[in-house]
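A.B. asks: I am attaching a structure below and will ask some questions about it afterwards.
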Amino acid sequence: MKKLISIVVPAYNEEQVLPLFHVRIDQVITSLDCYDWEIVFVNDGSKDGTQRLIEELQTRDPRISSVNLSRNFGKEPAMTAGLEHARGDAVVVIDADLQDPPELIEQFLQAWEDGFDIAYAVRTHRDGETWLKKATAARFYRVMGKVSNVQIPADTGDYRLMSRRTVDALLKLREHHRFMKGLFAWVGFPSKAIEYRRYPRAAGITKFNYWKLWNFALEGITSFTIAPLKVATYLGILISMFAFFAGTWITLKTLLRGDPVPGYPTLIVTMLFLGGVQLLFIGILGEYLGRIYNETKNRPLYLVQQYRPATSATVAERVQHQQLEHNRTQ
């Protein structure tokens, strides 16, 4: 029996690029006929014809599964939905925009066959992106590498292959604020990096503007480190020590020499500085507190409006077998 490989494709308003993506991915998996394949498209509440195109592709390709979410939940929950519906012995996560070449899957599979649980793609070039985005992305990964207690590979996106045991371990992590790059690294298991050149989008426009990227970076930092809270503690200690020595100096100077000149400018500057520092770290505390609040509500990560599994015999057999295993363990 051939090994089954699932390809998870989260899609949000990708109507323009989906047909071309299917052609490219079909060429790759057809050439790798030593495996059975499943393509899991996850429509993340698209407002265009993405779901209609997925259903049209599904009528022509029995290897396609369709997961239609009830609304837009975001890329991280959409990826989680795809992983939960993937049946393969190994699972590949790839975006539909063709910035990540599907042809790299063959190298992923070779690494998997060599015993690695994870094969992830490392970008050597980022074509079609502005210098500002490249610079901020590089800085973000460097900062995360220094402050996080989990080593997150630099210049790495979501494009990767994971073994079945890696996917099962990942699905045990149910936090709502999901920084998937960090979660991929957190589960561990033997990994191999594969370098590649990232190309511009084949069609359509990016869904990540700078504001979304900023919030994404904030999500990553607050999900995998408490370093900002430690900075608040250390800065508070430093300012307290400085205030103590400054107060001592002013007291001694006043007793010994007097101080006929009022210190109004110094007082105002000091108050504004301390007020700004306090507001900054109250905001940081609010970010962490808000995440705790969201976790305590324990809402589902996503809701599925419709799930249409692939009709190929291999995938249908896997679905039936996994349902029987689930029923047996209940």
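A.B. asks: How much length would be gained if the chain were fully extended between ASN298 and LEU285, taking 0.36 nm per residue of separation minus their Cα-Cα distance, in nm to one decimal?
C.D. replies: Value of the extension gain: 2.6 nm.
A.B. asks: Averaging sequence separations of C-alpha pairs under 8 Å and six or more residues apart, then dividing by the length of segment 1-108, give the relative contact order as a whole percent.
C.D. replies: That works out to 42 percent.
A.B. asks: How would you order 283-295, 63-75 from highest to lowest mean count of nearby Cβ atoms within 10 Å?
C.D. replies: The peptides rank, most packed first, as 63-75, 283-295.
Bear in mind that the values in this text are calculations on the coordinates, not laboratory data. Here the structure is a predicted model, which means the values were calculated and not measured. Glycine gets a Cβ as well: all are built from the backbone with ideal geometry, and neighbour counts include every protein chain shown.
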